Amino acid sequence: MADVILRTEGLKRYFGGLHAVDGVDFSLGQGEIRAIIGPNGAGKTTFVSLLAGRTPVTDGRIIFRGEDITRLPAFRRVRRGIAYTFQITNIYPKLTVAENIRMAVLGHTQRGDKVDFERETLAALDAVELAHRADIRAGELAYGHQRLVEVAMGLALSPTLLILDEPTQGLSDSEIANFCKLVKRISATATILLIEHNMDVVMQLAHSITVLNRGRTLAEGTPAEIGANAEVQAAYLGTGQ
Amino acid sequence: MTPAIARRNFILLVVVLVALFLLQFVVPDYYVLTITRIMTLAVFAIGYNMLLGYIGLMSLGHAMFFAAGLYGAGLLTYHFGIAVPLAFLGGLITALLLALVIGFLSLRTQRVSFMIVTLMFSQVGFLMTLYFADATGGQDGLKLPHAARSFQLVGLTFDLTNEIVRFNLAFGLLLVALAISFFILVSRRGRIFAAIRENEGRTEMLGFNVFAAKLEAFLYSGAIAGAGGAAYGLLDGYVGSTFASIQYSIEVLLFTLLGGAGTLLGPLIGVALMTTMIDRLSEVTTAYLLVVGVVLIVIVLWFPKGILGTIRERWLPWLM
């Protein structure tokens, strides 16, 4: 097993009486592509929001590359190499595509790295094949392309850990195929944590899968193991309740 | 922002400033006074615009920074006989420190809460100017002493009873405020401010310290508004609690919206139009505040980008 890049211990997030994340012990290996799946309301988005620092932790710890980041504000985690793409497309609609990416490159420079601005911007645009649309306002792009802008922004941060929250939602089949190729390419340089509903995508990409249900880890294993797991089937199909 | 666009805006800025400077040689004395007042209030509006226009935070209490500068400077000359340039600096520092405290507290809130919190703090400031009437002169205010009507700097004597001297001092301050605005807009800082205005959550998730950037903008905004207040009090030779009242918080919002929030020259244009209109109206009716209210509603409903904002959108996309 590769080195552990991210670990959580007893991670909890309560919203009043709702235990959205309820004691998750989680561990992610360097270079891995991990999918998180689970029924609606399982706590997937809350869980990755805790990792990214967008939601404060109720209890437990998060350790990233050996450092306790549980109480770090989100922007400091980004500077340590955690990039997060939102479930609902979240870009700068009034700026051009290139300007969107440039903001992300500017974000990357906050980490103290020396960066060739135009080269990095072009590289991220090329990766999502949007270079020919660089000067269009991002808000005017089709939805699928807006999602790609978002992914490109994540890329331009050159993260060590890229968290993708339902990246293929709203994409067409051909866009999804391209997206899977892209994720494989990104995984050469970054660890990827992916929330995904589309099981084809999960089976194609993930090295391993974590299943969340009602804020807890229900199962963890390779795609084949998860596919054969009776408890997972019960949670998804609602049998055994 | 490409260098070519920045250069074009810089040239426009220089042309406007030169034209403004030359006005003192061509217009009658009465208008020299009016333009002096417009330029001083424009500094206030430029400070306000830095918060509303550049980073997207609407304060309803900016009279407190204007008044902090006004009283900070005015009380120093009145009670302690401090020379005018130092008193000006004192007013500026008072406003800056106030902005630090108020910014630190109020920036924990967002949107409507932020508007309410800044409004409340501003009301506290207004009531304090009345409560400590022994020091501030309360409602009647204070007429600054004769000694504060002139000062010496770098071997020159400035006579503040002379309207041309006052005009040029106000012009100098306006020039500095616009230069600061320009450099912020073309800088990397300005891009981060604009990114926060467009999408705060996204900007934080690109690794930017949003709170620190907002506080920084708040400090620029409060300090420049305070400099406007200090200059207003010192040039006019009078400080009074009206300047701390909500009327001034609303008017500065109106100036900025009318001229175009987020534009470089919008605040100046907004102040020029609005004060001219108020002056004319107050000659014919005492209910001119009613008209101010109607103008505010019309702008918000049908004209949200203001004059320069609309011109930029329709015809001149390079306009800063």
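The table that follows gives values for the structure above.
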quantity: Residues (assigned to a helix (DSSP H, G or I) and of a type in the set (S, T, N, Q)) located in segment B:278-297; calculated: B:S282
quantity: Helices (runs of 4 or more DSSP H) (entirely within segment A:129-241) containing at least 2 residues that are among the charged types (D, E, K, R) and either in contact with a helix residue (DSSP H, G or I) (Cβ under 6 Å, 6 or more places away or on another chain) or more than 22 Å from A:K94 (Cα to Cα) (or both); calculated: A:173-186
quantity: Enumeration of residues in segment B:302-312 that are at negative phi, at pLDDT 90 or above and outside any loop (DSSP other than H, G, I, E, B); calculated: B:I307, B:L308, B:G309, B:T310, B:I311, B:R312
quantity: Strands (runs of 3 or more DSSP E) contained in segment A:1-66 and holding at least 1 residues more than 30 Å from A:R185 (Cβ to Cβ) and touching a helix residue (DSSP H, G or I) at 6+ places or on another chain (Cβ under 9 Å); calculated: A:4-15, A:18-29, A:59-64
quantity: Any chance A:I101 is buried (at least 16 other Cβ atoms within 10 Å of the Cβ), more than 10 Å from every other protein chain (Cβ to nearest Cβ), closer than 25 Å to A:L205 by Cβ and of a type in the set (V, I, T); calculated: yes
quantity: Selection from segment A:104-129 of residues that are within 12 Å of chain B (Cβ to nearest Cβ) and either modelled with pLDDT of 90 or more or more than 19 Å from B:R188 (Cβ to Cβ) (or both); calculated: A:A104, A:V105, A:L106, A:G107, A:H108
quantity: Only listed residue being part of a helix (DSSP H, G or I), within 14 Å of chain A (Cβ to nearest Cβ) and at pLDDT 95 or above, chosen from B:I224, B:I196; calculated: B:I196
quantity: Qualifying residue in segment B:274-292 (condition: aliphatic (A, V, I, L, M) and in contact (Cβ under 8 Å) with a residue 60 or more places away in the chain); calculated: no
quantity: Candidate set: segment A:75-98, residues that are crowded, with 19+ Cβ neighbours inside 10 Å and assigned to a helix (DSSP H, G or I); chosen: the one farthest from the other protein chains (Cβ to nearest Cβ); calculated: A:V97
quantity: Failed item in (1) touching a Leu at 6+ places or on another chain (Cβ under 7 Å); (2) within 9 Å of chain A (Cβ to nearest Cβ); (3) charged (D, E, K, R), with B:E204 passing the rest; calculated: (1)
quantity: In segment A:107-139, the residues that are free of Cβ contacts under 8 Å to residues at least 40 places away in the same chain and of a type in the set (D, E, K, R); calculated: A:R111, A:K114, A:D116, A:E118, A:R119, A:E120, A:D126, A:R133, A:D135
quantity: Odd one out for B:A223, checked against (1) closer than 30 Å to B:I93 by Cβ; (2) surrounded by fewer than 18 Cβ atoms within 10 Å (Cβ to Cβ); calculated: (2)
quantity: Residue tally, condition more than 19 Å from A:K12 (Cα to Cα) and at pLDDT 90 or above, over segment A:37-85; calculated: 11
quantity: Segment B:123-148 - residue that is buried (at least 20 other Cβ atoms within 10 Å of the Cβ) and polar (S, T, N, Q) and, of those, nearest to B:A87 (Cα to Cα); calculated: B:T136
quantity: Qualifying positions in segment A:58-69 - buried (at least 18 other Cβ atoms within 10 Å of the Cβ) and either at the interface with chain B (Cβ under 9 Å from one of its Cβ atoms) or farther than 20 Å from A:D3 by Cα (or both); calculated: A:G60
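A quick yes/no check of all residues on (1) within 19 Å of A:G41 (Cβ to Cβ); (2) over 18 Å from the mean Cα position of the chain (by Cα):
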| site | (1), (2) |
| --- | --- |
| A:T168 | no, no |
| A:S174 | no, yes |
| A:K181 | no, no |
| A:A190 | no, no |
| A:I195 | yes, no |
| A:N198 | yes, no |
| A:S208 | no, no |
| A:R214 | yes, yes |
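The values are calculated or read from the model by the stated rules, or taken from the named source; none is laboratory data. The shown structure was predicted, so the numbers you read here are calculated from the model rather than taken from an experiment. We place every Cβ from the backbone using ideal geometry, glycine too, and count neighbours over all the protein chains shown.
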